[in-house]
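*Asks:* My questions all concern the structure below.
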Amino acid sequence: MEKPRQGGLRILFADDEAHLRDLMQMELPRLGHEVTVCPDGITALRTLERGLYDVALLDIRMPGMTGIEVLEQVRQASPDTQVILLTGQASVDTAVQALRLGAFDYLTKPCKWTELEVLLGRVAERRDMANKTAALESRLKAAEGTPLLIGETPVMQQVRRLIETIAPTDATVMILGETGTGKELIARNLHDKSRRSDRAFIPVNCGALPENLVESELFGHRKGAFTGADSNRKGLFEVANGGTLFLDEVGELDKSVQVKLLRFLESGEIRRVGENEPFRVDVRVLCATNRDLRDMVAQELFREDLFFRLNTFEIYLPPLRDRKADIPALARHMLARYVSRRGLTQSNISPEALEVLQNHAWPGNIRELANMIERATILAGDGPILPEHLPTQLPARGKSQPAAAGGSGSNGGPHFQIPEGNPTLRDVEMKYILTVLEKHTGNKPAAARELGISLKTLYNKINQLQHT
């Protein structure tokens, strides 16, 4: 079966007239579409259960099940599929009924080829508009973050030059750096400076995905592929089609998902869970990790061939402690953002407060700085930020915070007290997890290492805590 070109549609055509099926199977691929033909409505539904389609072209009168009946089933099982009905009778009542049931449109047989082309073009436009809407939403969300290129230290100038060189290409990029250094902002900047900037930027934290649903989230699934798969669903690769998919914490993917990611990078094809037929998507992949993937490769925890595919270009984002000269500019920008958001009038940070900030070790990097400036903005009100608006005790580099702030006790571990009353084992566990997280100022990878659990397990436990 010929695969659709960029912009093409996946079309299911159902009609009991063999010559029409032959015609569609021959002509639609010439327009860049992929087509699957079926002789009746029942076969069409079975085909839809095995895969997702952009369009279902259905004859209204078919043996076994009418096009209207198939339409009703499609709207429930695959709501993203647009249905165009073909009728041999110019019946207004039939057309109205079809439109009320959610049909995209209808054509009267024998339909003109130009009319069909126009309708398919409208379907493609609607799909593209949905992608552009997703892109706009992601860009509006990105506007809330700290701009990437603030800072004039030599290391940041080098990062800026790399971005300008790499962004216009479709090369995969591996972004390295500690948690909180702004790796997603690097990825957003690469996307915004690329030819894909008007399409979706889809970030996904691989470590936060439920372990049993990672493959489905990324690649999609068909109805019935596993327990709970009540309808066909697009994966994030499909949602990002034409745009950029940012895989944060890529080192958390297990080997089975790594294989499918490698297949996409080599062929441009993905396959939904429960489907046999792969299909093409046009997605640029950007990745980030705070783990040593080379060490993971040596330990056979990460595929070597996938590592080299992902690591076409490498951008290292330094921790904030290695670019302290950028702290004043970053702090002032964050202050201006929070002041604008809250309608305040303050606009500066005292030299004494800046000195405190520059003497801090910043274990939480830029994320920690952003949180600290937001807190200080609230405390300062309409006046300048002063040292007293900052936390009274900031940990020196390489040392833990005092016990009162969740720091170390006499044995070097986090200060921890058993919850009062009659706590359950789960209460004690959650209290200890929160204590370790506080010790590491929210740095989840560091907390996971101290707890002796994987980052994915830590995310699962945090999710459990949030839903209790």
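The values are calculated or read from the model by the stated rules, or taken from the named source; none is laboratory data. The model shown is predicted, which means the values in this text are computed figures rather than measured ones. Because the Cβ atoms are built from the backbone with ideal geometry, glycine has one as well, and the counts that use them run over all protein chains shown.
*Asks:* Can you tell me which of (1) more than 19 Å from Leu176 (Cβ to Cβ); (2) touching a His at 6+ places or on another chain (Cβ under 9 Å); (3) not charged (D, E, K, R) is the one Asn348 doesn't meet?
*Replies:* Status for Asn348: all satisfied but (2).
*Asks:* State whether the residues of segment 308-317 include one that is in a helix (DSSP H, G or I) and in contact (Cβ under 8 Å) with a residue 12 or more places away in the chain.
*Replies:* Scanning segment 308-317 turns up at least one residue that is in a helix (DSSP H, G or I) and in contact (Cβ under 8 Å) with a residue 12 or more places away in the chain.
*Asks:* Give me the pairs: first residue in segment 66-84 and crowded, with 23+ Cβ neighbours inside 10 Å, second residue of a type in the set (Ser, Thr, Tyr) and part of a helix (DSSP H, G or I), beta-carbon distance under 9 Å, and six or more apart or on different chains, which are they?
*Replies:* Listed by first residue and then by second, the contacts come to nothing, as the list is empty.
*Asks:* Return the only residue of Asn290, Asn276, Asn311 being in contact with a Ser or Thr (Cβ under 9 Å, 6 or more places away or on another chain) and surrounded by fewer than 16 Cβ atoms within 10 Å (Cβ to Cβ).
*Replies:* Of Asn290, Asn276, Asn311, the one residue that is in contact with a Ser or Thr (Cβ under 9 Å, 6 or more places away or on another chain) and surrounded by fewer than 16 Cβ atoms within 10 Å (Cβ to Cβ) is Asn311.
*Asks:* Residues in segment 90-109: is at least one in a helix (DSSP H, G or I) and aromatic (Phe, Trp, Tyr)?
*Replies:* Among the residues of segment 90-109, not one is in a helix (DSSP H, G or I) and aromatic (Phe, Trp, Tyr), which makes the answer no.
*Asks:* Among (1) farther than 30 Å from Ala447 by Cα; (2) crowded, with 18+ Cβ neighbours inside 10 Å, where does Gly207 come up short?
*Replies:* Among (1) farther than 30 Å from Ala447 by Cα; (2) crowded, with 18+ Cβ neighbours inside 10 Å, Gly207 violates only (1).
*Asks:* Being surrounded by 21 or more Cβ atoms within 10 Å (Cβ to Cβ), out of contact with any Pro (no Cβ under 9 Å at 6 or more places or on another chain), under 20 Å from Ala167 (Cα atoms) and in contact (Cβ under 8 Å) with a residue 12 or more places away in the chain is the requirement here; does Gly243 meet it?
*Replies:* Judged against the criteria, Gly243 is a match.
*Asks:* Okay, moving on. Just the residues that are out of contact with any strand residue (DSSP E or B) (no Cβ under 8 Å at 6 or more places or on another chain) and not in a loop (DSSP other than H, G, I, E, B), please, taken from segment 145-191.
*Replies:* Hits for segment 145-191 are Pro154, Val155, Met156, Gln157, Gln158, Arg160, Arg161, Glu164, Thr165, Leu185, Asn189.
*Asks:* So, one more: Would you call Ser231 modelled with pLDDT under 85 and in a helix (DSSP H, G or I)?
*Replies:* For Ser231, the condition - modelled with pLDDT under 85 and in a helix (DSSP H, G or I) - is not met.
*Asks:* Go through (1) free of Cβ contacts under 8 Å to residues at least 60 places away in the same chain; (2) of a type in the set (A, V, I, L, M, F, W, C); (3) surrounded by fewer than 19 Cβ atoms within 10 Å (Cβ to Cβ) for Ala329 and report which single condition fails.
*Replies:* (1)
*Asks:* Oh, and also: Kindly indicate which of Glu300, Glu275, Glu266, Glu252 is at pLDDT below 90 and among the acidic types (Asp, Glu).
*Replies:* Just a single option satisfies the conditions, and that option is Glu275.
*Asks:* Checking Ser216 against (1) among the polar types (S, T, N, Q); (2) buried (at least 17 other Cβ atoms within 10 Å of the Cβ); (3) assigned to a loop (DSSP other than H, G, I, E, B), which test does it fail?
*Replies:* (3)
*Asks:* Follow-up. Mind telling me which of the residues Leu101, Leu116 ends up being out of contact with any strand residue (DSSP E or B) (no Cβ under 8 Å at 6 or more places or on another chain), hydrophobic (A, V, I, L, M, F, W, C) and not assigned by TED's automatic domain parsing to the domain that holds Val239?
*Replies:* Selected residue: Leu101, the only one of Leu101, Leu116 that is out of contact with any strand residue (DSSP E or B) (no Cβ under 8 Å at 6 or more places or on another chain), hydrophobic (A, V, I, L, M, F, W, C) and not assigned by TED's automatic domain parsing to the domain that holds Val239.
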